[in-house]
Amino acid sequence: MLTIHELVKRYGGFTAVDGLNLEVPDGSIFGFVGPNGAGKTTTMKIMAGLLQATSGEVLMDGENLIANPRLLHRKMGYMPDFFGVYDNLKVSEYMDFYAGTYHIPYRDRKDLIASLLDIVDLSHKEDAYVDSLSRGMKQRLCLARSLVHDPAFLILDEPASGLDPRARVEMKEVLKGLKTMGKTILISSHILPELAEMCTEIGIIDHGKMVAQGSVQEIMRNLSQKRIIMVKPLGQMEKLVHLLEEMPQVTEVIENTADCEFAFDGSEEELAEVLKRLIGQEIPLLAFYEKEGNLEEIFMRVTGGVQEL
């Protein structure tokens with residue numbers, strides 16, 4: 001697990017990161033979101049060893065990475081939001097250059113490069129010049145570069161920035177594949193719905209502080225203090241609504257054209273009893289599920305209004 005404890009970064013009289021606390025579980029894809037100027041990139045640069053913290057700790061498995069730069073550089077892979085590529089190099093030459101900077105033995109580089117290009121689906125571009133790649137391909141190449149030294153933890157600052165929908169889907173699939181390989185990934189993005197779909201947890205930072213952390217559903221529940229359950233019956237809507245309104249854990253029922261939703265403040269066991277009772281009353285159900293939280297709505301609530309991401 002990676003833990004950030006009371007992290008502070010000051011620039012003169014300005015505090016960019018203000019006592020930040022954060023936990024990223026092993027094997028997770030963690031979405032890091034916040035308004036511009038909230039401290040996201042500053043935090044990620046400190047984690048990657050590119051900025052010195054004013055105070056605080058960055059711990060991985062109990063070891064302080066700030067106090068041990070060698071360990072940090074071995075365990076972390078970093079992909080910045082604005083990356084540099086050498087356009088006059090071929091893809092294989094570009095990867096070979098970075099393998100050399102991490103002291104990968106020359107005899108091992110060919111197989112390593114082939115493996116990494118396969119992971120990011122660029123094997124067919126091995127002999128192409130970097131300048132000829134699309135933006136999405138360059139993004140994936142930079143991701144491959146960050147994997148050269150086989151880090152346990154990846155920090156990706158806006159990896160889908162500027163990509164078209166197809167390229168974003170391709171990047172998303174690559175990240176899911178890396179998760180199955182056991183990588184832990186911290187990712188910032190402006191595309192909030194995709195983060196909600198892809199990430200196991202999110203953290204929302206505002207004015208240098210962590211204001212919410214957990215799954216989208218957990219944060220939504222904490223904010224609203226109620227759960228919204230969707231029910232779609234095959235007929236008998238009036239009977240369904242009447243039954244729901246009689247149940248003590250159901251606080252509100254809203255009837256729509258083809259379905260209804262109700263606010264529920266009970267436990268998982270009590271929710272299972274609601275479903276059991278509806279079935280017992282022979283209500284034909286096509287769907288019964290908890291309504292997914294909206295990450296954009298969560299973001300607006302915890303950051304106090306409309307902000308440019």
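The values are calculated or read from the model by the stated rules, or taken from the named source; none is laboratory data. Remember, it's a predicted structure, so these values are computed and weren't measured experimentally. Positions of Cβ are backbone-derived with ideal geometry, glycine not excepted, and every protein chain shown enters the neighbour counts. Heads up: the accessible areas ignore ligands, DNA and RNA and are worked out on the full protein's heavy atoms, side chains in. Shrake-Rupley method; radii C 1.70, N 1.55, O 1.52, S 1.80 Å.
Observations on the model:
- Flag: SER92 does not match the condition of being open to solvent by 50 Å² or more (accessible area, probe 1.4 Å), more than 18 Å from THR184 (Cβ to Cβ) and of a type in the set (Ser, Thr, Tyr).
- Once region 57-82 is narrowed to residues that are more than 17 Å from LYS183 (Cα to Cα), open to solvent by 60 Å² or more (accessible area, probe 1.4 Å) and among the charged types (D, E, K, R), the residue that is modelled with the lowest pLDDT is ARG70.
Residues are listed down the side, and each one gets a yes or a no for (1) in a loop (DSSP other than H, G, I, E, B); (2) touching an Asp or Glu at 6+ places or on another chain (Cβ under 6 Å); (3) of a type outside the set (Lys, Arg):
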{"position": "VAL8", "(1), (2), (3)": "no, no, yes"}
{"position": "ALA16", "(1), (2), (3)": "no, no, yes"}
{"position": "GLY19", "(1), (2), (3)": "no, yes, yes"}
{"position": "LEU22", "(1), (2), (3)": "no, no, yes"}
{"position": "GLY31", "(1), (2), (3)": "no, no, yes"}
{"position": "ALA53", "(1), (2), (3)": "yes, no, yes"}
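Residues checked against (1) open to solvent by 50 Å² or more (accessible area, probe 1.4 Å); (2) more than 30 Å from MET220 (Cα to Cα):
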residue: TYR106; (1), (2): yes, yes
residue: ILE113; (1), (2): no, yes
residue: LEU147; (1), (2): no, yes
residue: ALA160; (1), (2): no, no
residue: ARG166; (1), (2): yes, no
residue: LYS176; (1), (2): yes, no
residue: LYS183; (1), (2): no, no
residue: SER188; (1), (2): no, no
residue: ALA196; (1), (2): no, no
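- A single entry from ASP26, ASP18 fulfils the requirement of being in contact (Cβ under 8 Å) with a residue 60 or more places away in the chain, of a type in the set (Asp, Glu) and open to solvent by 70 Å² or more (accessible area, probe 1.4 Å): ASP26.
- Helices (runs of 4 or more DSSP H) enclosed by region 192-309 - at least 3 residues per element that are modelled with pLDDT of 85 or more and either touching an Asp or Glu at 6+ places or on another chain (Cβ under 7 Å) or basic (Lys, Arg) (or both): 237-246
- Checking VAL211 against (1) open to solvent by 60 Å² or more (accessible area, probe 1.4 Å); (2) farther than 30 Å from ARG10 by Cα; (3) out of contact with any Phe, Trp or Tyr (no Cβ under 7 Å at 6 or more places or on another chain), the condition it does not meet: (2)
- Taken over region 116-129, the criterion of being surrounded by 19 or more Cβ atoms within 10 Å (Cβ to Cβ) and either assigned to a helix (DSSP H, G or I) or in contact with a Ser or Thr (Cβ under 8 Å, 6 or more places away or on another chain) (or both) is satisfied by LEU116, LEU117, LYS125.
- Members of region 161-199 that are touching a residue at least 60 places away in the same chain (Cβ under 8 Å), under 27 Å from LYS291 (Cα atoms) and among the β-branched types (Val, Ile, Thr): ILE185, ILE187
- Answer from TYR94, TYR78, TYR86, TYR98 - the residue that is in a loop (DSSP other than H, G, I, E, B) and among the hydroxyl-bearing types (Ser, Thr, Tyr): TYR86
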